[in-house]
Amino acid sequence: MRYLLITAAIFTSAVCAMASGPNLDGNEIYLNQHMEVIEKKKEATYVCEIVDQTDEGYHAKAYFMTGELKMEGWFADEALTKPHGNFTYYYQNGKVESEGSFRDGSKFGLWQRYDFEGNPKSEKIYATLQMMQAIEAFKH
């Protein structure tokens, strides 16, 4: 009986992990702690998969190696090196860490941030280099 309970518990936790994590099919992409693509799985902090492709780009989701969702967002390229579009980052407890947009690989516009408990933190506003140059030129 004890063996049956242990087996059932292992099976249940494996099914739950598969349901919440990535669909590993050999095409997964590994990321380091800075969310940069790397080659070696053993050095990875996150595993990423492309979940959709449209004319707008590639929709990807990254997971902690334990299966919890870390990030979802849009990239301009299939190699996932140029973020472009809306992004949401999560803490390992499932709460939103931050959400905002990238434009041509850089954070852009208003980013809302949250603490580990889900409480709002101060917002951050990101501008492009061209915007900053225009502001500086306007000041003079």
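The values are calculated or read from the model by the stated rules, or taken from the named source; none is laboratory data. Predicted model only: the values in this text are computed from it and were never measured. So basically every Cβ, Gly included, is an ideal-geometry build from the backbone, and we count neighbours across all protein chains shown.
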Flag if residue 111 is of a type outside the set (S, T, N, Q), more than 18 Å from residue 32 (Cβ to Cβ), in contact with a His (Cβ under 6 Å, 6 or more places away or on another chain) and surrounded by 12 or more Cβ atoms within 10 Å (Cβ to Cβ): no
message: I'd like to check something: does segment 26-41 contain any residue that is at positive phi, free of Cβ contacts under 8 Å to residues at least 60 places away in the same chain, surrounded by 12 or more Cβ atoms within 10 Å (Cβ to Cβ) and part of a strand (DSSP E or B)?
response: no
- prompt: What are the residues in segment 47-66 that are among the hydroxyl-bearing types (Ser, Thr, Tyr) and in a strand (DSSP E or B), if any?
  reply: 54, 58, 63
message: Just to check your reading of the model, which residue among 67, 73, 118 is under 22 Å from residue 50 (Cα atoms), at pLDDT 95 or above and surrounded by fewer than 17 Cβ atoms within 10 Å (Cβ to Cβ)?
response: 67
